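The values are calculated or read from the model by the stated rules, or taken from the named source; none is laboratory data. This one's a predicted model, so the numbers in the text were calculated from it and none came from an experiment. Reconstructed Cβ throughout: ideal geometry from the backbone, glycine too, with neighbour counts over all protein chains shown. Keep in mind that these areas ignore ligands, DNA and RNA; they rest on the heavy atoms of the full protein, side chains included. Shrake-Rupley method; radii C 1.70, N 1.55, O 1.52, S 1.80 Å.
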Amino acid sequence: MLLNNPVRYFEIPVTDLDRATAFYQAIFGFEFERALIDGHDMALFPSNDQVAGITGALVKGDSYIPSKAGARLYFHTEDIDATLAKVLSLGGKTLYPKTSICGFGWVAEFEDSEGNCIALHTE
């Protein structure tokens with residue numbers, strides 16, 4: 001029996017923590033908390049234990065290598081078109097255009113400032 005959501009936390013690899021923090025802050029309006037955890041420079045995404053969902057961090061470290069391959073993280077946005085426009089204005093790239101997912105909303109993917117593939121979702 002599953003009592004909780006299985007995913008609790010994520011980390012996005014970065015090579016330049018200041019650049020990545022500025023990129024995500026400009027796109028989503030997030031305020032980050034900077035920390036040094038286990039020898040890694042991190043910028044922690046906002047967290048609220050009173051609501052459902054997960055949180056994570058931007059992380060710089062030897063074993064953290066940005067990539068477009070691998071798992072996809074989906075960030076919620078109210079307006080995919082506006083979010084993709086911000087991405088492009090900040091030097092990011094659209095990797096997968098806004099696409100309907102048959103009654104489950106819309107998705108898109110972009111390349112962030114570090115070379116990661118990040119996904120968007122809206123209903």
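Stretching Lys86 away from Gln25 to a fully extended chain increases their span by 20.9 nm, per 0.36 nm per residue minus the current alpha-carbon distance. Once backbone amide H atoms are built at 1.01 Å from N, Phe10 has Thr55, Gly56, Ala57 as its partners under 5 Å, excluding neighbours fewer than 5 places away on the same chain.
Using the Karplus relation 6.51 cos²θ - 1.76 cosθ + 1.60 with θ = phi - 60°, the per-residue 3J(HN,Hα) values for segment 82-93 come to 5, 5, 5, 4, 5, 4, 5, 5, 9, x, x, 10 Hz, with x marking Gly and Pro.
Computed over every Cα-Cα pair of segment 42-123 and binned at 10 Å starting from 0, the pair-distance distribution P(r) comes out as 16, 44, 34, 6, 0 percent. Per the Debye calculation on segment 1-81 with a single equal scatterer at every Cα and no solvent contribution, log₁₀ I(q)/I(0) for q = 0.22 Å⁻¹ amounts to -1.21. Protection proxy ranking of 94-101, 53-60, by the mean of other Cβ atoms within 10 Å over each peptide's residues and highest first, is 53-60, 94-101.
Once you have the Cα-Cα distance between Asp79 and Ile101, take 0.36 nm times their residue separation minus that, and quote the gain in nm to one decimal. Before the final figure, lay out each step's value.
Numbers: separation 22, 0.36 × 22 = 7.92 nm, distance 1.53 nm.
Value of the extension gain: 6.4 nm.
Charging the Cβ of each Asp and Glu at -1 and of each Lys and Arg at +1, and nothing else, the dipole of the chain about its Cα centre rounds to 280 debye. Note on Glu109: accessible area is roughly 30 Å² with a 1.4 Å probe, heavy atoms of protein only.
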